[in-house]
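**Q** The structure under discussion is supplied below as C-alpha cells; questions concerning it will follow.
Values quoted throughout were computed directly from the atomic coordinates according to the rules given, and no laboratory measurement underlies them. These numbers come from a predicted model, not from an experiment. Every residue, glycine among them, receives a Cβ derived from its backbone with ideal geometry; neighbour counts consider all protein chains shown.
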Amino acid sequence: MIRSILIHPDPRLKKSCDPVAEITDDLRVLARDMLDTMYDAPGIGLAAPQVGVMRRLIVMDCIKEGTPRPMVLLNPAVVWASEDLGVYEEGCLSIPDQYAEVRRPAEVRVTWMDLDGAMQEEQFAGIWATCAQHEIDHLDGKLFIDYLGPLKRQMITRKMEKLKREMARG
Amino acid sequence: MAVLPLRLWPDPVLSVVCAPVGAADVRALASDMLDTMYHQYGRGLAAPQVGVVQTLFVMDAAWKSGDPAPMVCVDPVIVWACDTRAVGPEGCLSIPGVTAQVSRAVAVRLAWTDLDGTAWEAAFDGFAAVCIQHEMDHLRGVVTLDHLDAAARALAEVEYQG
C-alpha cells in the first residue's frame, strides 16, 4: 500500500525517532508499504518519519537498471565513515523537485537489523553511501537542506510552504 | 539514583540490534544503569538489559577487587580484535544461574563516546576484554547462549528453566 509522504516543513521531520524494540507484523507491513511508496514516487530511499512513523527504520534501493535490491534497515548505525568526502546532488521525497549538492563521507560502514532480527553489516560507497547517510539523518530529524547555507535553505523552505498551500487548495 | 528492573532472557528486547544514542542525553539512564549493575553485583550492563534498545553499556571490570572505576560507553565500536582467543566461563545478569563457556578474543581495541560527547579509544585485555565483548554482543541482540553449540545450549536452557 502506498502511503502519503510528509512534505517539509513538518515538525515530524525535525524529530529524533525511537529505536525499533520488537519486530511486529505492523512493522513488516510498514516496511513493505515504505518500499511500495519509495518505488512509486519514484525514489531511492525513504525513512519512516517521512510517512509519519517515528521509528528508526529506513528502506532503500539505489539500483537504477538491473535486478532491484530492496533493503529494509532497522536501527541503522554508521559505525565507520571514510575521511574522503564525496559530493552528490541530493533531493528528497519530502522536498519535491529541489536539488542541491551535499558533501558527505564517500564510504560508510553501516550496521542494522533485518526483518528477521539478524544483525547485518555492510560497507557502502557511491550513491549507496550518500543514500544511507541521507536516510539515517532523517531518523535524527535532519534534512539535506540543513547542510546548505541559511539563504538557500530558507528559499527552499518558502517554496515548500507555497507548494503545501497549493496542495491544500487542491 | 535508581535501580532498574532487569530484563531476563528470553525477553525479546535481548534479541534486537540496538540503535545509536547519537546526541540524545543518556546521563540519567547511564547513572541508573551503574546503580543497577553495582546493586546486582555485576561488572557490566548493557542498555537492552534494562529494556532500552540503544547502543550504550556501563562497565566496571575491577570494582570487586579494588576501587570503583565506572565506565560509560556510548555508541561503542570494537575497532580491532586480537586473533588469539580463549574460552572462559561467563555469567549474565539477564540469564541468572547459567554459566556458559564462550570463546573470546583475548584483547580488543574499543572506540566509544563518553557522556560529555568526548571520543575515546583504548585497548583492553584480561577480564575487561571479555566483558566488553559480552556487552557488545548485547547491543546486537546476542547473548552467551547464542555462542553455544546445540547440545550445550539445550543443557543450559534446561538448567535455566529448572
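**Q** Among A:Met119, A:Met34, which comes first, then next, by fewest other beta-carbon atoms within 10 Å?
**A** With the sparsest Cβ surroundings first, the list reads A:Met119, A:Met34.
**Q** Further question: Per residue of the range B:14-21, what does 6.51 cos²θ - 1.76 cosθ + 1.60 with θ = phi - 60° give for ³J(HN,Hα)? Whole Hz please, x for Gly and Pro, Karplus curve as stated.
**A** 7, 10, 10, 7, 6, 9, x, 6
**Q** Rounded to the nearest 0.05, what FRET efficiency is calculated for B:Asp67 and B:Ala119 with R0 set to 25 Å and r the Cβ-Cβ distance?
**A** 0.45
**Q** DSSP loop GluC sites (Glu not before Pro) in the range A:64-136 with at most 15 other Cβ atoms within 10 Å of their Cβ, which ones?
**A** Taking the range A:64-136 and a limit of 15 other Cβ atoms within 10 Å, the loop GluC sites (Glu not before Pro) found are A:Glu65, A:Glu83.
**Q** Ranking A:Cys62, B:Cys131, A:Cys92 by Cβ neighbours within 10 Å, fewest first, what do you get?
**A** A:Cys62, B:Cys131, A:Cys92
**Q** Return the calculated 222 nm mean residue ellipticity for chain A, to the nearest 500 deg cm²/dmol, obtained by summing -39500 (n - 2.57) across DSSP H runs with n ≥ 4 and dividing by the residue count.
**A** One gets -10000 deg cm²/dmol as the mean residue ellipticity at 222 nm.
**Q** Oh, and also: Check every DSSP H run in chain B and write down those whose alpha carbon atoms cover 30 angstrom or more along the long axis and whose mean Kyte-Doolittle hydropathy is 1.0 or greater.
**A** Helices meeting the span and hydropathy rule in chain B: none at all.
**Q** Okay, next question. Specify the inter-centroid distance of the range A:16-31 and the range A:88-136, based on alpha-carbon positions, in whole Å.
**A** 19
**Q** To continue, here is another question. Calculate log10 I(q)/I(0) of the range A:89-147 for q = 0.13, 0.26 Å⁻¹, where I(q) comes from the Debye formula with a single equal point scatterer on each Cα and nothing for solvent.
**A** -0.38, -1.12
**Q** Still on this model: Could you tell me which helices of chain A pass both thresholds, a Cα extent of 24 Å or more along their own axis and a mean Kyte-Doolittle hydropathy of at least -1.0, with helices taken as whole DSSP H runs?
**A** none
**Q** If r is the Cβ-Cβ distance from A:Lys15 to B:Tyr41 and R0 is 35 Å, what FRET efficiency results, to the nearest 0.05?
**A** So the FRET efficiency works out to roughly 0.35.
**Q** For chain A, what relative contact order do you get, as a whole percent, if you take Cα pairs closer than 8 Å and at least 6 residues apart?
**A** Once normalised by length, the contact order is 25 percent.
**Q** Compute the relative contact order of the range B:65-144 as a whole-number percentage, counting only Cα pairs closer than 8 Å that sit 6 or more residues apart in sequence.
**A** The normalised contact order for the range B:65-144 reaches 28 percent.
**Q** How high is the relative contact order of chain B, in percent, counting Cα pairs under 8 Å that sit 6 or more residues apart?
**A** Computed value for chain B: 24 percent relative contact order.
**Q** Throw me the Rg/Rh for the protein assembly as shown, computed over C-alpha atoms with Kirkwood Rh, two decimals.
**A** Result: Rg/Rh = 1.01.
**Q** Return the ratio Rg/(2.2 N^0.38 Å) for the range B:1-120, where Rg is computed over Cα atoms only.
**A** Relative to the rule-of-thumb radius for its length, the range B:1-120 sits at 1.06.
**Q** Over all residues in B:17-29, what is the mean tally of Cβ atoms on other chains that come within 10 Å of each residue's Cβ?
**A** Rounded to a whole number, the mean comes out at 5.
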